[in-house]
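Scroll down for the structure; my scribbles are underneath it.
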Amino acid sequence: MPDYQAIIIGGGPAGVSAALYLARAAIKTLIIENGPGALSRAHKIDNYYGVAASGSELYTKGLEQAKALGITVINDEVLNVEYTDSFTVHLKNTAKILTAPVLLLATGTKNITLNLPELVEFEGKGVSYCAVCDGFFFRKKQVAVLGNSAYALHEAEYLKHLATSVTILTNGKDDSLAVAAGFTVRKEVIKAIVGENKLQSIHFAEGPALNIDGLFIAMGTADSTDIARKLGAQLDGRFIKIDTDCATNIPGLFAAGDCTGGLMQIAKVVHEGARAGLAALKFIRTNKI
């Protein structure tokens, strides 16, 4: 028996809009949110109908509205999502494992990466964004994970069962999590990614170079695109590919908001969230779940 009929990852305008439609149809719905993200940088929003508020205020009001309708809201970080016949979501802070036949991705999109031109050049040639997807290809090889969060540790833990060695690179950031977890850590700022036809080494501003076969990018927290990639959903560049009902190629997996590309405005993401919520409702009723 699943814990919920629908789980929504993301508590912004897209996620809450979808949740409102589901809850009003008596669908047991959970929102997992981890703060307003990009919305918090909006000092004042005055181009959305009936609203003149900061992004943070709008985010708070949206979650309050969801809770008033009986929607469960959890503030936590998603570490991993698995899919068989339904979706299993692993949370960091509460260590909860929750299930639902429908999952909606609405965390927006992040722009956290390395400002190195060669990063794109080596994508698919040693640089990866998904340990679950590509870890198999680095069995008995030397790899590194870039990041200093719980998400980076999760990727490193997965890789250590496949690779000969796993080094965590924090690029000048705090390395205490990685050190406490027992991983080899390089804290120096990354200067260059080097190789001929494929990744061969990482060069730092100080200290010796690190010879590796694979570099896994896991900066910040897992966003919608990270999760979609792990589940095998089709992508369109850095965005999630959806149909006119906001459905992906994975049955029961929907996406809405900035993570799908297009006009990155509240009006668009609210509209898309509503479409996704109604499409998810139809999926639940059609499949009697």
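The values are calculated or read from the model by the stated rules, or taken from the named source; none is laboratory data. Everything quoted here is computed from the prediction, not taken from an experiment. Heads up, the Cβs are rebuilt from the backbone with ideal geometry, glycines too, and the neighbour counts pull from every protein chain shown. Just the protein is used for accessible areas: all its heavy atoms, side chains included, with ligands, DNA and RNA removed. Shrake-Rupley method; radii C 1.70, N 1.55, O 1.52, S 1.80 Å.
Which pairs break 27 Å Cα to Cα here: LYS140/LYS198; LYS241/LYS282; LYS67/LYS288; LYS44/LYS187; LYS67/LYS173? Mind dumping the intermediate values first?
Numbers: LYS140/LYS198 17 Å; LYS241/LYS282 20 Å; LYS67/LYS288 25 Å; LYS44/LYS187 37 Å; LYS67/LYS173 36 Å.
Pairs exceeding the cut-off: LYS44/LYS187; LYS67/LYS173.
Given a Förster radius of 22 Å and the C-beta distance between LEU278 and TYR49 as r, what FRET efficiency does 1/(1 + (r/R0)^6) yield to the nearest 0.05?
Details: r = 20 Å, r/R0 = 0.89.
E(calc), rounded to 0.05, equals 0.65.
Within the shell defined by Cβ-Cβ distances under 13 Å, the residues around GLY273 carry a net charge of -1, with Lys and Arg each +1 and Asp and Glu each -1.
Mind checking the full-extension length gain between ILE97 and ARG285? Use 0.36 nm per residue of separation minus the Cα-Cα distance, one decimal, nm.
Details: separation 188, 0.36 × 188 = 67.68 nm, distance 2.45 nm.
Length gained between ILE97 and ARG285: 65.2 nm.
Computed per residue of the chain from DSSP H runs no shorter than four, each worth -39500 (n - 2.57), the mean residue ellipticity at 222 nm is -8000 deg cm²/dmol. Among the protein heavy atoms of region 158-289, carbon and sulfur supply 52% of the accessible surface, probe 1.4 Å, non-protein parts ignored. Scaling against 2.2 N^0.38 Å puts the C-alpha radius of gyration of region 146-288 at 1.34. The residues of region 1-61 expose on average 51 square angstrom of accessible surface per residue, using a 1.4 Å probe on protein heavy atoms. As an exercise, use a Förster radius of 51 Å and the Cβ-Cβ distance of GLN200 and ASN75 to find the FRET efficiency, rounded to the nearest 0.05. For GLN200 and ASN75, the calculated efficiency is 0.75. For the options TYR158, TYR21, TYR49, a Gaussian network treatment of the chain with springs between C-alpha atoms closer than 10 Å singles out TYR49 as fluctuating the most. Computed extension length for THR164-PHE136: 8.9 nm, one decimal, from 0.36 nm per residue of separation with the Cα-Cα distance subtracted. Between [x] 153; [y] 138; [z] 180, which matches volume of the Cα convex hull per residue in Å³ calculated for the structure shown? Entry [y].
In terms of solvent-accessible area of protein heavy atoms at a 1.4 angstrom probe, what is the ranking of MET1, MET219, highest value first?
Values: MET1 215, MET219 35 Å².
So, going from the largest accessible area down, we get MET1, MET219.
Legend note: in the chain, cysteines whose Cβ sits 4.7 Å or more from every other cysteine Cβ are CYS246, CYS259. Summarising the label geometry, the points placed 7 Å from Cα in the beta-carbon direction at ASN249 and LEU263 lie 2.9 nm from one another.
Going from most exposed to least, what order do LYS288, LYS173, LYS96 have by accessible area with a 1.4 Å probe? Intermediate results must be reported in sequence, preceding the final value.
Working: LYS288 180, LYS173 120, LYS96 95 Å².
Highest to lowest solvent-accessible surface, that is LYS288, LYS173, LYS96.
A straight chain from ASN211 to LEU114 at 0.36 nm per residue would run longer than the Cα-Cα distance by 33.1 nm.
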